[in-house]
Amino acid sequence: MAGGGDGRRGDGGPGYGERLRRARLGLICLIAPIVMLFISLTSAYIVRQGLPMFDGASNSYVRDWGGVNLPWVLLAINTGVLLLSSVTIEAARRDYARQAALAPVKSIPGVSLGEENHLPWLGITVILGIGFLVGQGLAWRELQNRGFFVSTNPNSSFVYLLTGAHAVHLAGGIIALVWAAATSLLRKPVEARRIAVDVTAWYWHFMGLLWIYVFAFLEFAR
Amino acid sequence: MATPATIHAHAPQGFIRKYIFSLDHKVIGMQYFFLALTAVFVGMFLSLLMRIHMVWPAAVLPLVGEIKPETYLSLLTMHGTIMVFFVLTTAPQGGFGNYFLPIQIGAPDMAFPVLNMLSFWTTFVAFVVIIAAFFVTGGAPLHGWTGYPPLSAVQSAGPGEGLGADLWITSIAIFCIASLMGALNFITTTLDLRAKGMSLMRMPLTVWSWFITAILGLLAFGVLLSAGILLLMDRNLGTSFYVPLIVVNGQVLGHKGGSPLLWQHLFWFFGHPEVYIAILPGMGVTSQILSTFSRKPIFGYKAMVYAMLSIGLFGFMVWGHHMFMSGMSPYSAFAFSILTMCIGVPSAIKTFNWLGTMHKGRIRFQTPMLYAIGFVSLFVSGGLSGPFLAQPVLDIQLHDTYFVVGHFHLIMGVAAIFGIFAATYYWFPKMFGRMMNETLGRIHFFITLAGTYAIFMPMHYLGMAGQTRRYSQFTEVAYQAKLIPLQTFITYAAIITISAQLIFVINLFWSMFKGPKASDNPWQSTTLEWTTATPPPHDNFGGVTPVVNHGPYEYAVPGAPRDYVMQTDPVSASAH
Ligand code: HEM
Ligand SMILES: [Cu+2]
């Protein structure tokens, strides 16, 4: 049962497992409004797409939706980068989970678990994430080269809007990762880092899913 | 990550950490409360200017000088927006919810104290931004709190529609983000930080109301945010989401093909849940107070919980009742109409349960109780006009008339304000350690109650007679001019009612410093906030972890030593 906490105060506060659960619950509450935001943008897209416009010249109703020639090779590459970063952040998440689990053992004097070799998964993820954002920027430039600007037609407005909204949320994830990495410099206990990395990782996977949705929607709901 | 535990050990000492950037949910609750108090005075002052201008159009007023028709619209927009967002959404949830939700569930703080601080300061920034709209060139926007395009989407549409409107939208967007952070915190706290024994069905109805309100906020504010982003893009990036081909002052603008109705759908998908965000906490505190001051268990606790849940659920399915005039298909109008009337059922359940709670109670008519009864009264008076407005055929006549103004002020505006007053009089002793003055409280109550009815009841007749809403003056239209005497009466009532609020302010600040000291449980209530010291210590329970053994409303328990059993009393206290 949630709640029903048993004497969690007095001894220095909630335990690590409890804090992890709480942070994950918070994450679910963060994902819900983001989902609502994108549902709302999606329905605006569909409504706007179906709107007829009166055309004085032909004296009839026409659709002004327009079309966009998506730079989909570039977008596909970006998708690959983002999916790869999901793999690396998952590696980071598991890495920290193991470290956090072993921390009590390691703190026993004289106990050594041998040298472990870690790739700097967090750093790699941050670089891949920034790479994705740069790639999206290139995609925007390519769109402009092809003559599609924010106000060119309703379809292009939505392309910029949806990709931009996704990018802003992903940038939030990058900031969270950088912050998680900073906790190691701030000498916070490994548990704190583990929690930060855990929720950011789930958030990151969600961002990956969201991007696949956005990409597929833009490509197939034209 | 500052968890409740890392901050509970030592209360911060410096002034800034203690009172400005505090992580303590109690301090943050007070900050929200005082922000809302400031906002309500700005909002009231604006309404006063509107009322005076409406019946004495030639009068030159302080601070604003001559009121042109567009100035009136600015006042109207800012009044509505400030009241809805910065008063009715801020005080009941951000203020009292923040202060009392953790204590009532036996937690030392919110789940994420840093986030809690951020949500307050973000709200504060939103308030500063919206107030700034008054001072930029062109002044505040004209588009009303509902911000309908094309008026709101076109920079050249009017004086306030330039920078002022951009500030307005930006403020709302910031407010959305702040509310989302708050909602996240409320939900996590309620689900995860309850003390031992505090099962969901032992939570006070106030906690239920804050919890459900937070869920509504979590699902609604993201939609408003998206609507606001589209609006900003239409205004500043030349897109055409909302704006059709349009000619302003003889000039064809660059937009084409957009639909103003798209905004209405998005806005009201948020807007209707928003009215419940405003009123649900008031329902919670009313239930709490009616039970306490009738010395009886709340009638139908579970029914109350399910009623609030279904009100929240249905609240997302009725937004179209604001759009009957938009030319929607009669079939959808019919569906929205039926669903709207469905909400009458849980609302009636709540009303009957409130009456049932008072029935044969040993009622103590102290100020909090008076305000709770006033809440029920206003909820019924305002609620009865709802089913009328839910009829598409009637609404076509009544929409955008004073009938609607009367309806929403009674049920959402003043009822929620009565909830805030009830909460203030009820929890003031806990928050400030002193009692408020009863006599002043009662005088304040009776003037406010009578004044409210005097202001808003006649508006229903004005509306039925065809008086249009959002007009700055009525002298120019013959059939409307005939109604001016009734408007004048309303203005006098408003002047008296607004002046009477000074009684409240005096009582509030005087009692804060000079009121008689309050005991830990002056109302002989049962919930957890009354088990701890007054005012509560930094970690709420002074290092003790409360254990809950009872439901929230065990009054008049047969065989118990007192006529009430507190939630933390040992099990044996009611074992008969
Ligand atoms: C002192 C009591 C109040 C008075 C005298 C008052 C007066 C007014 C007036 C004259 C209007 C303009 C009506 C029109 O021309 O259509 C108005 C609109 C409005 N008021 Fe109040 N009001 C009061 C309290 C409140 C409160 C407590 C709320 C909180 C919800 C509120 C919310 C609104 C809203 C949402 C509008 C509509 C604004 C719009 O159409 O954009 N008012 N009020
Ligand atoms: Cu509604």
The condition from (1) at pLDDT below 95; (2) more than 9 Å from ligand 1 (Cβ to nearest atom) that residue B:54 misses is numbered (2)
Going through the range B:159-172 in order, the residues found to be touching a residue at least 60 places away in the same chain (Cβ under 8 Å) and in contact with a Pro (Cβ under 8 Å, 6 or more places away or on another chain) are B:160, B:164, B:165, B:168
Kindly indicate which of B:217, B:164 is within 14 Å of chain A (Cβ to nearest Cβ), in contact with a Gly (Cβ under 9 Å, 6 or more places away or on another chain) and outside any loop (DSSP other than H, G, I, E, B). B:217
Residue list for the range A:39-50, restricted to those being within 8 Å of chain B (Cβ to nearest Cβ) and buried (at least 19 other Cβ atoms within 10 Å of the Cβ): A:40, A:41, A:44, A:48
So residue B:181, is it within 14 Å of chain A (Cβ to nearest Cβ), surrounded by fewer than 19 Cβ atoms within 10 Å (Cβ to Cβ) and part of a helix (DSSP H, G or I): no
So which of B:334, B:375, B:365 ends up being more than 16 Å from ligand 2 (Cβ to nearest atom) and either outside the structural domain of residue B:418 (by TED's automatic domain parsing) or assigned to a loop (DSSP other than H, G, I, E, B) (or both)? B:365
What are the residues in the range B:312-354 that are within 16 Å of ligand 1 (Cβ to nearest atom), away from chain A (no Cβ under 14 Å) and among the aliphatic types (A, V, I, L, M), if any? B:325
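Yes/no per residue for (1) in a helix (DSSP H, G or I); (2) within 16 Å of ligand 1 (Cβ to nearest atom); (3) charged (D, E, K, R); (4) touching a Gly at 6+ places or on another chain (Cβ under 8 Å):
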| residue | (1), (2), (3), (4) |
| --- | --- |
| B:229 | yes, no, no, no |
| B:241 | no, no, no, yes |
| B:256 | no, no, yes, no |
| B:263 | yes, yes, no, yes |
| B:276 | yes, yes, no, yes |
| B:281 | yes, yes, no, yes |
If I filter the range B:423-437 for residues that are outside the structural domain of residue B:523 (by TED's automatic domain parsing) and over 27 Å from residue B:537 (Cβ atoms), do I get at least one hit? no
Filtering the range B:184-206 down to residues that are more than 7 Å from every other protein chain (Cβ to nearest Cβ) and either basic (Lys, Arg) or within 11 Å of residue B:116 (Cβ to Cβ) (or both) yields B:185, B:186, B:189, B:202
Would you confirm, using the coordinates I've provided, whether residue B:357 is away from ligand 1 (no atom under 16 Å from the Cβ), under 25 Å from residue B:521 (Cα atoms) and under 20 Å from the mean Cα position of the chain (by Cα)? no
Selection within the range A:145-155 - at the interface with chain B (Cβ under 9 Å from one of its Cβ atoms) and part of a helix (DSSP H, G or I): A:154
Can you pull out every residue in the range B:228-259 that is touching a helix residue (DSSP H, G or I) at 6+ places or on another chain (Cβ under 6 Å) and either facing chain A (nearest Cβ under 7 Å) or acidic (Asp, Glu) (or both)? B:234, B:239, B:241
Which residues, counting only those in the range B:452-499, are farther than 22 Å from residue B:379 by Cα, within 10 Å of ligand 1 (Cβ to nearest atom) and among the aliphatic types (A, V, I, L, M)? B:495
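The values are calculated or read from the model by the stated rules, or taken from the named source; none is laboratory data. If you're wondering where the values come from, they're calculated on a predicted model, not measured in any experiment. Backbone-built Cβ (ideal geometry, glycine too); neighbour counts: all protein chains shown.
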